[in-house]
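Enquirer: Got a structure for you, written out below as structure tokens; questions coming shortly.
The values are calculated or read from the model by the stated rules, or taken from the named source; none is laboratory data. Since the structure is predicted, the reported quantities are computational estimates derived from the model, not experimental observations. Because the Cβ atoms are built from the backbone with ideal geometry, glycine has one as well, and the counts that use them run over all protein chains shown. What goes into the accessible areas is simple: the full protein's heavy atoms, side chains included, and nothing from ligands, DNA or RNA. Shrake-Rupley method; radii C 1.70, N 1.55, O 1.52, S 1.80 Å.
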Amino acid sequence: MSMRFLPCGDSAVLVELDDLDAVLALHAELVGDTPPGVVDLVPAARTLLLRVDSRQTGVDAVTRAVAAVRLGTGRQREARTVEIPVIYDGEDLYEVGRLTGLGERGVVAAHTGQTWTVAFAGFAPGFGYLVGEDDRLHVPRRANPRTRVPAGAVGLAGEFSGIYPRESPGGWQLLGRTHRRMWDPQRNPPSLLAPGIRVRFVEVPAR
Amino acid sequence: MITVVRAGPLTTVQDLGRPGWAHLGVPVSGALDAPALRLANRLVGNPDGTAGLEITAGRYAMSVARAATVALTGADAGLTVAGRPAPFGAPVAVPNGATVEVGPARHGVRSYLAIAGGVDVPAVLGSRSTDTLSGLGPKRLCDGDELPLGEPTGEPSGVDFVPTSVPRGDLVLRVRLGPRDDWFTDPTELLTEAYTVDVNSNRVGARLTGRPLTRAVTDELPSEGIVLGAVQVPANGQPLVFLADHPTTGGYPVIGVVDEADLPLLAQARPGDRVRFRLS
């Protein structure tokens, strides 16, 4: 388990870790016990970005505090689980079944049959990059991104699954759609998903 | 209330943004030249975080449906009230119903118009800023829009004039190398020659063109968190400096980070202006 501290301007440090599990473990530790003066904790695939308020603390002090964190093994145990009902009628379901060799029903079974973890956010407010428990559903992005993907579309790209929080262009392979509202700025918190939260997809019939 | 008579090329409502939501994918947003907005607010007696207007390249006009105090700062542009010239960088009294016009920007890009009481559109996640990347906050202004004003809470400043400093000529930005300077064959290439501000620059980032930076590592970088001022180098080797509406994560290596204090200067650089980097 190693941490590399990379400079990131005068008020942030980028911590590079071995893998996503280490990122999630360090993120869970720092959410529970945030060093004073840290104003943003932004996890990503292999890194955790810490932004500090330089009026309160310095990057050096925060780096020392993070270096002293002793990480448990594996992911945060007591994370909250969110259920996402999905109608599996996506335009790329057949193609994903072909690419993975699982067939359409096999893809649905693999997608609903594992627990996903929100690794990090990005691309749009409330968009979570979800990682699963195995690599059965790892597929490339579409060669031709769509100019319009509707809100609630559930897709796959690379090692991730994700749910579009609003209509946008996108290159993910679409498996289906959900009616759950992923993002609502009037809600607190505004996003249904946040780093560390677990996700279970549940198949529901089309209405 | 104000009524937009002419929105101009791009006018948005801006305050000091919505920091602290990056973990949910929310850009910080806010005025690109925050010191200029703070100054405009101070001139009209508003608290620092009050929402004003960020006017890109000028050519904006509105009518104000009450007597008010306004101040224009940032990019230098002519200001008229009810057709009469009014001073830049100073509190200006506007009679009830008068039209306020901002002419084309003479130097710089972004002017800030503060109105006593502030623009009182609903706040989203604690900010009234228009976020052009994610669509949070009010939409960009259009001709005919009506915006509510808040109640003034302070007295206009007694100053006659405040000197402002929008850059002219070559701009020098202080930069700290990293986090991914080791992905380039020679990261100090960034420091050797001037770059030109590209016309495709916007609130997300200032695109620069010049000598392309060469990569030592050509792997795909897994997405990682991005800070304000990050100098990202996409596949074409031309650096892009992220401004307030930047995405919270990105998958191209960041060669260095510009000091936050220098970003307002970059936000005022025009397409064609030259930019140099030096180590902070």
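Enquirer: Which of the residues belonging to region A:135-150 are open to solvent by less than 60 Å² (accessible area, probe 1.4 Å) and within 18 Å of the chain's Cα centre (by Cα)?
Expert: A:L137, A:V139
Enquirer: Can I ask one more? Against the condition open to solvent by less than 50 Å² (accessible area, probe 1.4 Å) and either within 22 Å of B:G126 (Cβ to Cβ) or of a type in the set (S, T, N, Q) (or both), how does A:A153 come out, does it pass?
Expert: On the way: open to solvent by less than 50 Å² (accessible area, probe 1.4 Å): yes; either within 22 Å of B:G126 (Cβ to Cβ) or of a type in the set (S, T, N, Q) (or both): no.
So A:A153 fails the test.
Enquirer: So, of the residues in region A:115-156 that are of a type in the set (G, A, S) and touching a His at 6+ places or on another chain (Cβ under 9 Å), which turns out to be farthest from A:Q173 (Cα to Cα)?
Expert: At the first step, the residues of region A:115-156 found to be of a type in the set (G, A, S) are A:119, A:121-122, A:124, A:126, A:128, A:132, A:143, A:151-153, A:155.
After this cut, where a residue has to be touching a His at 6+ places or on another chain (Cβ under 9 Å) as well, the list is A:121, A:132, A:152.
On the way: A:A121: 18, A:G132: 16, A:G152: 13 Å.
It comes out as A:A121.
Enquirer: Next up: Residue pairs, Cβ under 8 Å, 6 or more apart or interchain, first in region A:188-205 and within 13 Å of A:L24 (Cβ to Cβ) and more than 8 Å from chain B (Cβ to nearest Cβ), second of a type outside the set (A, V, I, L, M, F, W, C) and assigned to a strand (DSSP E or B). List them.
Expert: A:G196/A:T117; A:I197/A:T81; A:I197/A:T117; A:I197/A:G128; A:R198/A:T81; A:R198/A:T117
Enquirer: Check region A:100-108 and report whether any residue there is within 30 Å of B:L136 (Cβ to Cβ), more than 14 Å from chain B (Cβ to nearest Cβ), open to solvent by less than 10 Å² (accessible area, probe 1.4 Å) and under 23 Å from the mean Cα position of the chain (by Cα).
Expert: Scanning region A:100-108 turns up no residue that is within 30 Å of B:L136 (Cβ to Cβ), more than 14 Å from chain B (Cβ to nearest Cβ), open to solvent by less than 10 Å² (accessible area, probe 1.4 Å) and under 23 Å from the mean Cα position of the chain (by Cα).
Enquirer: Give, as residue ranges, the strands (runs of 3 or more DSSP E) completely inside region B:23-101 that count at least 2 residues that are open to solvent by 20 Å² or more (accessible area, probe 1.4 Å).
Expert: Per the criteria, B:58-64, B:68-81, B:84-86.
Enquirer: Shifting gears a bit: I'd like to verify a number: residues in region B:179-200 that are under 24 Å from the mean Cα position of the chain (by Cα) and of a type outside the set (A, V, I, L, M, F, W, C), how many?
Expert: Counting residues in region B:179-200 that are under 24 Å from the mean Cα position of the chain (by Cα) and of a type outside the set (A, V, I, L, M, F, W, C) gives 4.
Results for (1) in contact with a Phe, Trp or Tyr (Cβ under 9 Å, 6 or more places away or on another chain); (2) without any contact (Cβ under 8 Å) to a residue 40 or more places away in the chain, shown as yes or no for each residue.
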position	(1), (2)
B:T196	no, no
B:R203	no, no
B:A206	yes, no
B:R211	yes, yes
B:S223	yes, yes
B:Q232	yes, yes
B:G237	no, yes
B:V275	yes, no
B:L279	no, no
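Enquirer: Return only the number of the condition from (1) more than 10 Å from chain B (Cβ to nearest Cβ); (2) open to solvent by less than 50 Å² (accessible area, probe 1.4 Å) that A:D60 does not satisfy.
Expert: For A:D60, the failing item is (2).
Enquirer: Would you check which residues across region B:104-131 are crowded, with 19+ Cβ neighbours inside 10 Å and not aliphatic (A, V, I, L, M) and list them?
Expert: Residues satisfying the conditions are B:G108, B:R110, B:S111, B:Y112, B:G117, B:G118, B:S127, B:R128, B:S129, B:T130, B:D131.
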